[in-house]
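Novice: Have a look at the structure that comes next, please.
The values are calculated or read from the model by the stated rules, or taken from the named source; none is laboratory data. Please read these numbers as outputs of a predicted model, since none were measured by experiment. Cβ coordinates were reconstructed from backbone atoms using ideal geometry, including for glycine residues, and neighbour counts include every protein chain displayed. To get the accessible areas, we keep the full protein, side chains included, count just its heavy atoms, and leave off ligands, DNA and RNA. Shrake-Rupley method; radii C 1.70, N 1.55, O 1.52, S 1.80 Å.
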Amino acid sequence: MTLLAAIDDVGRDRKRGGYSRHVFEPAERQLREWFVEEAQRRDMAVRCDRNGNLWAWWGEPGPDAIVTGSHLDSVPGGGAFDGPLGVTSALEAVDTLRANGFTPVRPLAIVVFAEEEGGRFGVPCLGSRLLTGAIDPDAARRLHDLTGVSFAEAAVEAGLDPARIGRDDEAIANIGTFVELHVEQGRGLIDLGAPVGVASSILAHGRWRFTFTGEGNHAGATLLGDRRDPMVPAAEMVLAARIAASEVDDARATVGRLVPNPGGTNVIASTVDVWLDARADNDPDTRQVVTRIQELATDAAARENCELNVVEESYGGTVVFDAGLRDTVSSALGGVPALPTGAGHDAGILAAHVPTAMLFVRNPTGVSHAPEEHAEPDDCQAGVAALATVLGRLAG
Ligand code: HGY
Ligand code: MN
Ligand code: MN
């Protein structure tokens, strides 16, 4: 059984389909325990850092290590590969290296980052942002999930001390090079006809929360002229996202989550929260899209006599991976193609601090963040072999 098959039933979402494995919740905690067992089975010492990231070490933890890994959390109703493929491939790459009699001359570690999707607390790559100081610890402690549980409270439940979360200079110093393997979230490798590729760049992207406030009231007893219905400008904002993104080359804007309060069928909402995910080739383009959406949403709110408040919840600029490392990785693999991605990754956060590369494994559906996400066993094996080659080259 492949390692991925061993966790196939963990966190299945019977309602949405796919998987819902949110940080520090039962399914993700079960995956963490599984990872610790698998690493210890390989005589790798495992520790959890102050930010909830797991580190499994081959050799003494120390500076300048070769680090690989990814995440185990998912989006709601996500696929089986986004995150876990990077973790299982890392474990299997260690097996391959050992089977070939390889002994690293530099420490080698596998890391599992916490809350990469931001699926519970709303900020993507929370574990790697905390590690690198890319998010204020107080702001992180105040983040809360849909049930009102704060990240600080969830951290305590997970055995962390929320007072200690934040930039971890020792952990950063330990990372000489970080290489993340990830299922491709798009059609690049399909069109290139290659099972494995190396990442060239990541789009700039951010998340904004638009809160429309009107007046809660009765759906039957309230005449149209007497309404201040926040759902109306919220609906116009969803359409504005598509309009604004279509005006900027290669931009993408998505509303995947819209929550009316209180959310009754026969109730005019009092407020509606709408989350925007916007991405583009560069900061100015991304900002242009969001500004345009905000203008259209502001006009729509005014027409319905509603208020609008907009909060930027996270932002990351364009990531261009270290060209030297990218080419070293590509040539070590016989010249695999380099391709950009529209998906964010922990590697994108670390790239600002340490030499970082990403390997992609072909996804024949081109679909991700949905149950249809897939990678064929042969391509997964090609990914493991590629990762083992790269790690052997870097740690040898
Ligand atoms: O949202 C993203 O781009 C990533 O999959 N977390
Ligand atoms: Mn991912
Ligand atoms: Mn993802």
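Novice: Using the structure shown, decide if Ala343 is open to solvent by less than 60 Å² (accessible area, probe 1.4 Å), farther than 23 Å from Val111 by Cα and within 16 Å of ligand 2 (Cβ to nearest atom).
Specialist: Details: open to solvent by less than 60 Å² (accessible area, probe 1.4 Å): yes; farther than 23 Å from Val111 by Cα: no; within 16 Å of ligand 2 (Cβ to nearest atom): yes.
Against the criterion (open to solvent by less than 60 Å² (accessible area, probe 1.4 Å), farther than 23 Å from Val111 by Cα and within 16 Å of ligand 2 (Cβ to nearest atom)), Ala343 does not qualify.
Novice: Scan (1) closer than 13 Å to Val319 by Cβ; (2) within 16 Å of ligand 3 (Cβ to nearest atom) for the single condition Ala357 breaks and write down its number.
Specialist: It is condition (2) that Ala357 fails.
Novice: Quick one: is Val367 of a type in the set (Val, Ile, Thr) and in a loop (DSSP other than H, G, I, E, B)?
Specialist: yes
Novice: Considering only segment 82-89, I want to know if a residue exists there that is within 23 Å of Gly176 (Cβ to Cβ), assigned by TED's automatic domain parsing to the domain that holds Glu372 and out of contact with any Leu (no Cβ under 8 Å at 6 or more places or on another chain).
Specialist: Looking for residues that are within 23 Å of Gly176 (Cβ to Cβ), assigned by TED's automatic domain parsing to the domain that holds Glu372 and out of contact with any Leu (no Cβ under 8 Å at 6 or more places or on another chain), one finds none in segment 82-89, hence no.
Novice: State which residue is nearest to ligand 3 (Cβ to nearest atom) when the search covers only segment 239-280 and only residues that are touching a residue at least 60 places away in the same chain (Cβ under 8 Å) and under 19 Å from the mean Cα position of the chain (by Cα).
Specialist: Asp277
Novice: Suppose we filter Ser368, Ser314, Ser330 for residues that are among the small types (Gly, Ala, Ser), within 16 Å of Glu180 (Cα to Cα) and open to solvent by less than 50 Å² (accessible area, probe 1.4 Å); which single one remains? Don't jump to the end; show me each part of the working.
Specialist: Details: Ser368 fails: within 16 Å of Glu180 (Cα to Cα); Ser314 fails: within 16 Å of Glu180 (Cα to Cα).
Step by step, each of Ser368, Ser314, Ser330 is checked, and only Ser330 is among the small types (Gly, Ala, Ser), within 16 Å of Glu180 (Cα to Cα) and open to solvent by less than 50 Å² (accessible area, probe 1.4 Å).
Novice: Do we have any residue at all in segment 282-302 that's under 21 Å from the mean Cα position of the chain (by Cα) and crowded, with 17+ Cβ neighbours inside 10 Å?
Specialist: yes
Novice: Among all residue pairs at least 6 apart or on different chains, which show Cβ distances below 6 Å where the first residue, located in segment 307-324, is charged (D, E, K, R) and the second is modelled with pLDDT of 95 or more?
Specialist: Filtered contacts from segment 307-324: Glu307/Thr213; Glu312/Trp208; Glu313/Gly122; Glu313/Arg207; Glu313/Arg209; Asp322/Pro355.
Novice: Strands (runs of 3 or more DSSP E) wholly in segment 1-76 with at least 2 residues that are within 24 Å of Gly122 (Cβ to Cβ) and either open to solvent by less than 10 Å² (accessible area, probe 1.4 Å) or not assigned by TED's automatic domain parsing to the domain that holds Phe360 (or both) - which ones?
Specialist: Details: elements: 45-48, 54-58, 65-71.
Correct list: 65-71.
Novice: Then there's this: Cβ-Cβ distance below 7 Å, separation of 6 or more or different chains: which pairs start in segment 62-86 with a residue that is within 16 Å of ligand 3 (Cβ to nearest atom) and end on one that is basic (Lys, Arg) and assigned to a helix (DSSP H, G or I)?
Specialist: Leu72/Arg32
Novice: While we're looking at this one, here's another question. Kindly provide the set of residues from segment 97-136 that are aliphatic (A, V, I, L, M), within 16 Å of ligand 3 (Cβ to nearest atom) and touching a strand residue (DSSP E or B) at 6+ places or on another chain (Cβ under 6 Å), ordered by number. Steps first, please.
Specialist: Filtering segment 97-136 down to residues aliphatic (A, V, I, L, M) leaves 97, 99, 105, 108-112, 114, 123, 126, 130-131, 134-135.
With the extra rule that they be within 16 Å of ligand 3 (Cβ to nearest atom), the set shrinks to 112, 114, 123, 126.
Of everything in segment 97-136, those that are aliphatic (A, V, I, L, M), within 16 Å of ligand 3 (Cβ to nearest atom) and touching a strand residue (DSSP E or B) at 6+ places or on another chain (Cβ under 6 Å) turn out to be Val112, Val123.
Novice: Can you list the strands (runs of 3 or more DSSP E) lying wholly within segment 170-244 that have 2 or more residues being among the acidic types (Asp, Glu), open to solvent by less than 20 Å² (accessible area, probe 1.4 Å) and over 14 Å from Ala297 (Cα atoms)? Reasoning before the result, please.
Specialist: Details: elements: 175-183, 196-202, 204-213.
Passing ranges: none, list empty.
Novice: Another question, if that's okay. Restricting segment 89-146 to residues that are open to solvent by less than 30 Å² (accessible area, probe 1.4 Å) and of a type in the set (Phe, Trp, Tyr), which is nearest to ligand 2 (Cβ to nearest atom)?
Specialist: Checked segment 89-146; the qualifying residue nearest to ligand 2 (Cβ to nearest atom) is Phe113.
Novice: Okay, moving on. State the number of residues belonging to segment 317-327 that are in a loop (DSSP other than H, G, I, E, B) and either surrounded by 22 or more Cβ atoms within 10 Å (Cβ to Cβ) or within 16 Å of ligand 3 (Cβ to nearest atom) (or both). Spell out how you get there, then give the answer.
Specialist: To start, the set of residues in segment 317-327 that are in a loop (DSSP other than H, G, I, E, B) comprises 317-318, 321-322.
Imposing the further condition that a residue be either surrounded by 22 or more Cβ atoms within 10 Å (Cβ to Cβ) or within 16 Å of ligand 3 (Cβ to nearest atom) (or both) reduces the set to 321.
Number satisfying all stated conditions: 1.
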